[in-house]
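Colleague: What follows is a single structure, and I will ask about it in a moment.
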Amino acid sequence: KMIIFIDDLHRLDKEEIIEVIRLIRNTANFYNTFFIVAYDKNYLSNALIQHNPYNYEQFLEKIFQLEITLPYVNPNIYRRKLVEKLKMSIPETLDKSLIDEIYKTIEDEFSGFKINKINVNNWLGNFRDVTRLANTLSLNIIKLWGEVYFSDFIKLELLRLKYPSVYNLIFKETNKYLQLIDTNNKKQSYILRKIDDGKQFDSKPFILEQYLIDNHKGLSIPENEINNIIELIKGIFSGYSKSNLSVSYSGNFYRYFAYKLLEGNLSEIEFSNARALEQE
């Protein structure tokens, strides 16, 4: 027997999907030849509809004689795997603090606070996501532990891993998509910039949101995920943070993207230690 595995068929574009299905159709009748294909059925169906809207469901049934729906995976499994991987790769001195912060950050979803909340479960769609996030966190947080607000840091890392084009827009064109406002603690904080159309409406769209809607194909972003992306960014740049280390404060912004303290920046850890000595 010759068994051919094709994984993640839905990662191809419409034309490529049609071409692969044709290849399967034309070779599946070979003696002792079998295909096992993994795909998102909705995505495949949409590709077939755009190619030929007639009898697209019957077309798939003719190609694949047996269809198995994979069981639902509880998102908490991904979270638990993330914690396990981080425990294996980060120093023991950071272990408890980092793991506690992950769970605390997730639990904020149910605490009634809408500011700085994040549910990692919403962003980990498979074990590949878990591995990539664990790797980047374990590599980069060591350099900045105590210098960044971990809730903001993990959100930015999720954005960078899942949607690098949006991450780059925020970093490279900061003033275009974010604006500084004065906060109650006398600091300047970034918030998402809204479109200035001369109308006085709180519901005016954000400049970044409109740009993503207009250019999602070129940025390789699914249109139906734009709202989630904007909600994630709003949670980071809300104009208020529970931590003075937040990326939303202009003095902290660039360290999150440089993965280190910039020249001339005062270490928060050194500052705290010095202040403690003065009090003694």
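Colleague: If I ignore ligands, DNA and RNA and count only protein heavy atoms, how much of Val83 is accessible to a 1.4 Å probe, in Å² to the nearest 10?
Modeller: 10 Å²
Colleague: Would you mind checking the pairs Lys85/Lys143; Lys87/Lys217; Lys1/Lys162 and listing those with alpha carbons more than 30 angstrom apart?
Modeller: Values: Lys85/Lys143 18 Å; Lys87/Lys217 38 Å; Lys1/Lys162 38 Å.
Violating the 30 Å limit, Cα to Cα: Lys87/Lys217; Lys1/Lys162.
Colleague: For a label point 7 angstrom out from the Cα of Phe35 toward its Cβ, which stretches of the stretch 62-78 have the backbone nitrogen within less than 11 Å?
Modeller: 62-65
Colleague: Tell me, in nm to one decimal, what length is gained between Asn74 and Thr27 on full extension, where the rule is 0.36 nm per residue of separation less the Cα-Cα distance?
Modeller: Values: separation 47, 0.36 × 47 = 16.92 nm, distance 3.68 nm.
Full extension from Asn74 to Thr27 adds 13.2 nm.
Colleague: At 1.4 Å probe size, put Ile3, Ile236 in order of accessible surface, largest to smallest. Write out the running numbers ahead of the final one.
Modeller: Values: Ile3 85, Ile236 0 Å².
In descending accessible area the options line up as Ile3, Ile236.
Colleague: Could I ask something else about it? If amide H atoms are built 1.01 Å from N in the plane of the peptide, which residues on other chains or at least 5 residues away come under 5 Å of the amide H of Tyr249?
Modeller: So Tyr249 has HN proximity to Tyr190.
Colleague: If you don't mind, there's one more thing I want to ask. What spacing in nm lies between the two simple spin-label points modelled at Lys176 and Glu16, each 7 Å away from Cα in the Cβ direction?
Modeller: 2.7 nm
Colleague: Run the quick spin-label model on Asn42 and Gln58: label points 7 Å from Cα toward the beta carbon, then report their separation in nm to one decimal.
Modeller: Each label point lies 7 Å from its Cα, and together they span 2.6 nm.
Colleague: How about the stretch 1-74: which chymotrypsin sites (Phe, Trp or Tyr not before Pro) there are in a DSSP loop, with at most 14 other Cβ atoms within 10 Å of their Cβ?
Modeller: Hits after loop and neighbour filter: Phe30, Tyr31, Tyr54, Tyr72.
Colleague: Long-range amide H contacts for Lys194: which residues qualify at under 5 Å (H placed 1.01 Å from N, peptide plane, sequence gap of 5 or more or a different chain)?
Modeller: So Lys194 has HN proximity to Ile207.
The values are calculated or read from the model by the stated rules, or taken from the named source; none is laboratory data. Just so it is clear, the model here is predicted, and its values are computed rather than measured. Neighbour counts are summed over all protein chains in view; Cβ atoms, including those assigned to glycine, are modelled from backbone coordinates with ideal geometry. The protein model used for the area step is the full one, side chains on, heavy atoms only, and it has no ligands, DNA or RNA in it. Shrake-Rupley method; radii C 1.70, N 1.55, O 1.52, S 1.80 Å.
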